[in-house]
Every structure is written in structure tokens, then in C-alpha cells.
1. Within the set of pairs 6 or more residues apart or between chains, which connect a residue that is hydroxyl-bearing (Ser, Thr, Tyr) inside region 233-256 to a residue that is in a helix (DSSP H, G or I) and surrounded by 15 or more Cβ atoms within 10 Å (Cβ to Cβ) with Cβ atoms less than 7 Å apart?
2. How many of the residues making up region 239-267 are among the hydrophobic types (A, V, I, L, M, F, W, C) and more than 20 Å from Ala316 (Cβ to Cβ)?
3. Return the residue satisfying two criteria in turn: it lies in region 29-68 and is in contact (Cβ under 8 Å) with a residue 40 or more places away in the chain and part of a loop (DSSP other than H, G, I, E, B), and of such residues it is surrounded by the fewest Cβ atoms within 10 Å (Cβ to Cβ).
Amino acid sequence: MLLLGWLSFRVGWADEFKLANGNVLRGELASVDEDGLVVKLEVGGFSKREPWINFSQETLKELAKNPKAAPLVEPFIELEPEQIKAKEKQKEIVVKPVSERMERPSPKPGLGTAFITPIGLTLLAVLLLANLYAAYEIAFFRQQPVPLVCGLSVLFPLLAPLIFLCLPTRVPGSEAEAITAGAEAAGAVAVHGGAKAKTTATFPAAPARGLSLAAAAKQEAASAQTQPQTYTRGEFTFNRRFFETKFPGFFRMVPSEAEKDLVIVIKAVRGEYVGKRISRISMNEMHLQLQSGNASAEVMVPFVEIQSVQIRHKDAKG
């Protein structure tokens, strides 16, 4: 529109431009835009810009033959009845019948229909994998055959893992026999006051399970801890990582049941130190809290001076 608005051009076919009020502009077309046109008059000079609505229909039709002025003058040209009907026919919208239509979904889809969709199938696959993983972990926890538990979990999801989870832990045959034999031997004879006393029970002792096994393991661990444990230079590297991984209980302010009766003995170049707790530790040295009666002191021991480390009972002698 900017190119058409201010582009000047000359035409030789239009010398007269008739206005609706009967006046005539004689000359050459000088400029056209959406607001009207300007004529270069024969007598000299230019006319004012006349709006399109001021021109007669005859002049507007003549100007419509010009491709540059046609888009501007067409809205002001009055159409004849035949032309109006032709345009109305062109505007008519022909609705063609639809041959294929999409099937509408059922008005009340069931629950099973939701699992047929891609999202539903994905959820089912995730639930199946979670069920198999739970069965795998339960089989290891209860010492059951993994293929058996996983196979039944595929046939009976959620139900089979729950059943195996409720079952007691399976004990291997050799271990169960050893536990039973030990329990019977311990219950056969009891010593009280240095004399043998026969058991009065008429039924054999039940094999130890559950908490009894845990108590027996704890007793074995306690007896093992009473034995001195010695670590010498050459077999072990004495550094911060060694003490933090081997003796984490000796870093506590309040010792646990396992370390309350134990002491740590450091044999270094300067002497031997018997401590209850490691108060501080760095990359090159450690600070050992010594216990002497009711008094306590702290000594710094460099790692390079340590010859051996021993863990023993507080009443044991080195």
C-alpha cells in the first residue's frame, strides 16, 4: 500500500476525470493512494487530492482498468444486479457429505478398558516388575528358593510374596542339626555348685531360633572381643583411616556395651600408652585419653612413632 500510495505514474489514456457533482478535471494522473488521486492539470499545477467517493461511476470504472488503481477503486464501484448475484453464488458454501466417521467410544467404559491403553499397559508392566523384585528380596530374606518364589509371584501377584514373607526363615539342614545337637547337649547335664544334676525335663529341648540364635551370636562376639587383638607395623599402615575404620567405638564419648570394658594400648617410640578413648585425630597424629584411676590425661601420639596397637580387656595384662 505504501508503494501504491506515493508512487507517481503517468497514463496517456485518461485525460478527463469526472466528478459526481459534474465538474471535470483535465490532465494526467499524477498520484493515487487509498485517500484519492491527484491530477496534473493541463493549465498547469496539480489539483488537490480528490477522495474516491467524489468521482462518478464512469470514471471509477475506467480507473479500475488500471492494475495499480484497481484495488483502490473497486470498493467504490456500484455493482449491477447480475454481478451481485454472481458474487453471492461464489460465496455459497457447499457442504459435502462425510463418507467416513470416527467411531465414538462407549459411553460407560469399564475398568479393564483403561488397562488396554498404552499408559495402562505401561503401569501393568511397572507393577509386574515391582512384584518380581519384591519376591526376589523376600526369597533372600527368608532363605527360600528364588525361582520358586518368583514363579509363584508371577502366577499369584502380591499374594505369593505376602505368604512367603509370613513364613519363618528357612534354616539349612546341617545348620539346624548342629543347633539341635548343641541344645540337647547343653540341656542334658547341668552343673550347680560343682555337682552334676540330671535334668528333670522329659521332652528334648527345642532347637534355638530367632532371638536365641542372635543371643548366641552376641555371646560368641563378646568372647572374641575379650581376646587381645594386636596390630603391628609392617602388617598394617597406621593412619587416620586405619583408626576410624578399625576402632570406631573408641571415638565415642560414652562407650557402647562392646567397648566399655576394653582399652586401646599404643606402643610407640616414647613408651606405651593405655587409653580409653581417642579424643582427637588428624592426618598425622592422634590424641589418646589416658585413664589412671579417677584422673584422666591426654597425650599426643604421632602415627610415625606407633609400633603396635592392641585391643584388650581392661583387667588383662600385656
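1. Filtered contacts from region 233-256: Ser256/Gly249.
2. Residues of region 239-267 that are among the hydrophobic types (A, V, I, L, M, F, W, C), as a first pass: 242-243, 247, 250-251, 253-254, 258, 262-266.
If we keep only those that are more than 20 Å from Ala316 (Cβ to Cβ) too, we end up with 242-243, 251, 253-254.
Looking only at that region, the number is 5.
3. Lys68
We did not get these values from a lab; they are worked out from the coordinates using the rules stated. Just so you know, these numbers come straight off a predicted model, no measurement behind them. Cβ atoms come from the backbone with ideal geometry, glycine included; neighbour counts cover every protein chain shown.
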